[in-house]
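**Student:** Let me begin by handing over the structure; questions about it come next.
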Amino acid sequence: MSEYELDMYPHESKVFYAEKHEDLWIEFVEQAVERAGFPELVDTMGISKAEFAEKIRQLD
């Protein structure tokens, strides 16, 4: 529990942890596309969820 900032107002914690959550997901996706062999997707701006899903389906 020492890793977490617990001395915040509820609205502050929502913003803080939402940003932390988003950062973790970005890091996860960047690592996933690297491992999948599509490092160019990291620099691709504006790719939609459907386009990303299609790239993942093409991995087979």
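Read the figures in this text as sums done on the coordinates, not as results from a lab. What you see is a predicted model; the values in this text were computed from it and never measured. All Cβ positions, glycine included, derive from the backbone under ideal geometry; neighbour counts span all protein chains shown.
**Student:** Roughly how tilted is helix 10-36, in degrees to the nearest 10 and between 0 and 90, from the longest Cα axis of the chain?
**Tutor:** The answer is roughly 20 degrees.
**Student:** Further question on the same structure: Any chance you could list the semi-axes, whole Å, largest first, of the equivalent ellipsoid that the Cα gyration tensor gives for the chain, using √(5λ)?
**Tutor:** 32, 12, 9
**Student:** Which of Met45, Leu24, Met8 sits farthest toward the positive end of the charge dipole of the chain, with +1 on the Cβ of Lys and Arg and -1 on the Cβ of Asp and Glu?
**Tutor:** Farthest towards the positive end: Met45.
**Student:** Here is a further query. Trypsin sites (Lys or Arg not before Pro), restricted to segment 6-60: which are DSSP loop and have at most 13 other Cβ atoms within 10 Å?
**Tutor:** Taking segment 6-60 and a limit of 13 other Cβ atoms within 10 Å, no loop trypsin sites (Lys or Arg not before Pro) are found.
**Student:** At a Cα cut-off below 17 Å, give the aspartates and glutamates reachable from Lys55, other chains included and same-chain residues fewer than 8 away excluded.
**Tutor:** Straight-distance partners of Lys55: Glu30, Glu34, Glu40, Asp43.
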